[in-house]
Amino acid sequence: MEEKILLATYIVKIVDNNKNQQMLSYFNGSDDFLSLFESFTEYIFENVNQLPDLSGRRTIHLTLEEPATKEDENRCIYGFFSSGVSGERYKVVNTTTNETELNVDTHHAAFRNVFFYFFIPRNRNVGYLILQRKANFGIKTKLLPAINSYIRQEGYQVYRVLINNLVHNSVYTKMMREGNLKKVELVKRRIPRSLENYINNNEEPEEIKGTFKSSFTSRTSLPQNWKDYIDGVFRQHNSNHATLDVEGLDDSYSDLEFELELNGKKKTFYVVNRQRIQPDIDVTRNIDFEDGEPTIDSLKEQSIELIHDMLDITPDNA
């Protein structure tokens, strides 16, 4: 089964000790961060970056299996980061026979490859970074300390790199206006004491730990009046309220989640818990696969499309 391909969008900045933003194409007076980032990828290709995780018991490794590709004319660099965690013992099990094929010691690490695409336009304060996200595995928290450690090592003591999520209101507006509403879920953080009683008597969920969802999905799109209603709820909800009162329904909801799709790209939004809105977009439908793996050309193409969207919504002084 082909994996879901999520590409996350970020903007990259360089600031000095006084928090003044730098032009990435000539920060520190004349240095081009595109060349410096290429040097960083070459360095961790030869010297695996290692840093402790938050617990201090495990070590995070960051490298590349092969050198990145830089296109000077397009001012971009892309490839695959390879990252893993050591410090835990685990087994490799054949899921067909349930037999253990390998016992892995604490000094070994299981590595996963994650695609990246980094575009640095001339004469701008920001660069545009696309990082692939995998289930329960993000590369941003590994990349940021590694690149900052590297630039200090290279003598740029007064500078640091910032990598910020880009979830711009214009992304939501465009997807709601032009896209399809694929799914709506009303969420309660409590469940009925009895499924039988709930079905027979429509018993309201009580304070029992769990999640209760009412889902509405469409293979094409839910009707326009659904979009209009959801859009109104999303824009009008007071961010200070931890629950959502839906007009016409008797009870409060913990959240209302909905999925929008535009040009084959899907994204989930949350009315109450907006901090859960991630910068990633599901581009699986637009990716080509070979032997179950996404092709680098299709990943690159989707990254370029996402960056064009980012250029449309990011002001020059972002």
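A compact table of results
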| item | result |
| --- | --- |
| Region 248-305, residues that are in a strand (DSSP E or B), surrounded by fewer than 16 Cβ atoms within 10 Å (Cβ to Cβ) and polar (S, T, N, Q) | SER252 |
| Residue count for region 128-182, restricted to those that are assigned to a strand (DSSP E or B), of a type outside the set (Phe, Trp, Tyr) and at pLDDT 90 or above | 11 |
| Contacts under 8 angstrom Cβ, first residue in region 211-239 being within 22 Å of SER254 (Cβ to Cβ), partner basic (Lys, Arg) and assigned to a helix (DSSP H, G or I), 6 or more apart | SER239/ARG274 |
| Meets criteria (buried (at least 16 other Cβ atoms within 10 Å of the Cβ) and outside the structural domain of LYS13 (by TED's automatic domain parsing)) for GLN224 | no |
| Residue within region 195-210 that is closer than 30 Å to GLY232 by Cβ, modelled with pLDDT of 80 or more and not assigned by TED's automatic domain parsing to the domain that holds SER82 present | yes |
| Pair list, Cβ under 7 Å, 6 or more apart: region 288-312 residue more than 17 Å from ALA8 (Cα to Cα), other residue part of a helix (DSSP H, G or I) | ASP288/SER298 |
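The values are calculated or read from the model by the stated rules, or taken from the named source; none is laboratory data. Predicted model only: the values in this text are computed from it and were never measured. All Cβ positions, even for glycine, are placed from backbone atoms using ideal geometry, and neighbour counts span all protein chains on display.
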